[in-house]
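Heads up, the thing below is written out as C-alpha cells.
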Amino acid sequence: MKKFFVFIASIFLLASCVDTEEQPDTPTGNFEALWKIIDEHYCFFDYKQHDYGLDWNNVYNKYKVRVSDKMSDTQLFEVLCDMLAELRDGHVNLYSSYDAGRYWTWHEAYPKNYSDTLERHYLGTDYKISGGMEYRVLDDNIGYIRYASFQYPVGEGNLNDCLSYLSLCRGLIIDIRNNGGGDMTMAERLAGRFVQEKTLVSYMQHKTGTGHNDFSSLEPRYLEPSSKIRWHKPVCVLTNRSVYSAANDFAVMMHALPNVKLVGDHTGGGSGLPMSSSLPNGWGVRFSACPMYDKNKQHTEFGINPDVNVALNTDDINRNIDTIIETARKIIAN
C-alpha cells in the first residue's frame, strides 16, 4: 500500500501547480483563467453531466456576463465562487486573503445524525486517548473508538495499544461520523488492521490530458494487512453525511471487507483527489483531479450507502440514547 501513496503524492506534486495560458490580472482575466483551469483539469465533468446535467460551457456563458473589469475584488470573488458552486464539490475552493469560497451543501442539506452531547454520554469521562482516537469498552463488552478527523495522526504504537486494550471485546464500533477527512495515510493505516489478506478495495484514475475524458485506465488499489496487531472480530463503522474525503475513502475500504458493516447514513463523498493552482491575482483554487471508485468500479464522489441505514431518533436523543450506536451494538451482539 505504501507504493500506492507514493504514487498519489507524485500525482499531487506534478499537478499541484497547473500551468495555464497567461491572463491579465483583471476581473475578466481572472475569470477566464479560473474557467480554463477547471475546464482542463477537473475530473468529474461527464459524471456530473449525467447525474444532474452539468454543462461547463453553459456555465461559462452564464457567468461571463456577470464579470466586468470595473467590478471590485469582493464582487469578483462572489461571482467566481458562484461559478465553482455549479460543480457541487466540497473539494472545490477559492482562496483569497479575506475569505475561502466553499460548497458545503453536500452535508448542510441533510440531517446531522450525530450529537456531540450523545458522544460525551457514551464516552463518559474515563475514556482513553491514543493519537487521534478516543476509545473505551462499553458496558456490553463492545469496544468503541471515536476518530473525529484523519487530520489527527495515529501511529502504529497507538493502534497496537488501543487494539490490545480492546482485544477481549466481542466486537468493535468505529465512529467516524463528522470526520471531514485529512491524511489518507491515517485512513489506510487504520483500515490495514482489519484486513487479513491483500484485498482489492477500490480503483482510481488520473488525468492524462486537458480533455474532459483524458484519463488513465482504472488502476486497482489493494489494502495490505498490517504486520502488527490485527482485528478479527465483527466491526461496525458509523457514518453520516459529514463523512468526507479521506474519511469517505476509509468507509469505501472498510466496506470491501467481509467482517465489516457500515451503519448510519449515506457518506458525504468527496472522492476526487484534490489538486491546486492559482489565478493571476494570486488567489488560490483547489479542485478534484483524480476520480476514485469502489471495488465494483462505481463512483464514490457523492458518497456510498451504508449496509444498515438508520437515523437518530428524537425520542432516543431525549433519553440520551444514540440510535446509530445502539443499532451497531445489536448487530455485533447478534
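Checked against a 25 Å cut-off, the cross-linked pairs Lys198/Lys330; Lys36/Lys112; Lys36/Lys295; Lys112/Lys233; Lys198/Lys295; Lys36/Lys207 give Cα-Cα distances beyond that limit for Lys198/Lys330; Lys36/Lys112; Lys36/Lys295; Lys112/Lys233. The Rg/Rh ratio for the range 99-140 is 1.16, where Rg is the radius of gyration of the alpha carbons and Rh is the Kirkwood radius. Normalised by the number of residues in the chain, the average gap of Cα pairs under 8 Å and 6 or more apart makes the relative contact order 20 percent.
How much accessible area per residue does the range 133-187 have, in Å², with a 1.4 Å probe?
Details: 1940 Å² over 55 residues.
Per residue, the range 133-187 has 35 Å² of solvent-accessible surface.
D for the range 65-221, whole µm²/s, Stokes-Einstein with Kirkwood Rh over alpha-carbon pairs at 20 °C and 1.002 mPa s: what number? Write out the running numbers ahead of the final one.
Working: Rh = 19.6 Å.
So the translational diffusion coefficient is about 109 µm²/s.
Using alpha-carbon positions, what is the distance between the centroids of the range 42-58 and the range 178-208, in Å? A separation of 26 Å, based on Cα centres.
More than 35 angstrom separation, counting every C-alpha pair in the chain; what % is that?
Result: 28 percent of Cα pairs exceed 35 Å.
Counted by Cβ distance under 15 Å from Asn57, the other residues give a net charge of -2, where Lys and Arg count +1 and Asp and Glu count -1. Helix 323-333 and the longest principal axis of the C-alpha atoms of the chain enclose an angle of approximately 50°. Put simply, when 261-269, 35-43, 92-100 are sorted by average Cβ atoms within 10 angstrom per residue, most first, you get 261-269, 35-43, 92-100. On the chain, 48 percent of the accessible area sits on carbon and sulfur atoms, based on a 1.4 Å probe.
Among Ile229, Ile174, the order of accessible area from largest down is Ile229, Ile174, computed with a 1.4 Å probe on protein heavy atoms.
For a test of the definition: using alpha carbon positions, the gyration tensor, and the 1.5 limit on a/c, classify the range 223-334 as rounded, prolate or oblate. Since a/c reaches 1.5 but b/c is at least a/b, the shape of the range 223-334 is classed as oblate.
Taking Cα atoms only, the orientation of helix 2-15 departs from the longest principal axis of the chain by about 20 degrees.
Accessible surface calculations at 1.4 Å, restricted to protein heavy atoms, place the range 246-285 at 21 Å² per residue.
Averaging sequence separations of C-alpha pairs under 8 Å and six or more residues apart, then dividing by the length of the range 173-258, give the relative contact order as a whole percent.
On the way: 142 pairs, mean separation 42.1, N = 86.
Once normalised by length, the contact order is 49 percent.
Please state the shape class of the range 268-334: rounded when a/c is under 1.5, otherwise prolate if a/b exceeds b/c and oblate if not, all from the C-alpha gyration tensor. Oblate is the answer for the range 268-334, as a/c is 1.5 or above yet b/c matches or exceeds a/b. Could you work out how far helix 246-255 tilts from the main Cα principal axis of the chain, as a 0 to 90 degree angle to the nearest 10? Rounded to the nearest ten degrees, it is 50.
The simple spin-label model puts a point 7 Å past each Cα toward its Cβ; for Leu168 and His50 those points are separated by 5.2 nm. Think of the range 191-316 as having a plus end and a minus end, set by charges on the Cβ of Lys, Arg, Asp and Glu; of Thr199, Ala311, Met254, Thr199 sits farthest toward the positive end of this dipole. The mean sequence distance of close C-alpha pairs (under 8 Å, at least 6 residues apart), as a share of the length of the range 84-214, puts its relative contact order at 17 percent. Applying 0.36 nm per residue to the separation of Thr105 and Arg66 and subtracting their alpha-carbon distance, the gain on full extension is 11.7 nm.
How much length is gained if the chain between Asn58 and Arg230 is pulled fully straight, taking 0.36 nm per residue apart and subtracting their Cα-Cα distance, in nm to one decimal?
Values: separation 172, 0.36 × 172 = 61.92 nm, distance 5.13 nm.
Between Asn58 and Arg230, full extension yields an extra 56.8 nm.
Between the range 308-334 and the range 228-259, what is the C-alpha centre distance in whole Å? Comparing the Cα centres of the range 308-334 and the range 228-259, I get a distance of 18 Å.
The values are calculated or read from the model by the stated rules, or taken from the named source; none is laboratory data. Keep in mind it's a predicted model, so treat the numbers as computed, not measured. So basically every Cβ, Gly included, is an ideal-geometry build from the backbone, and we count neighbours across all protein chains shown. Side chains included, ligands, DNA and RNA excluded: accessible areas come from the protein's heavy atoms. Shrake-Rupley method; radii C 1.70, N 1.55, O 1.52, S 1.80 Å.
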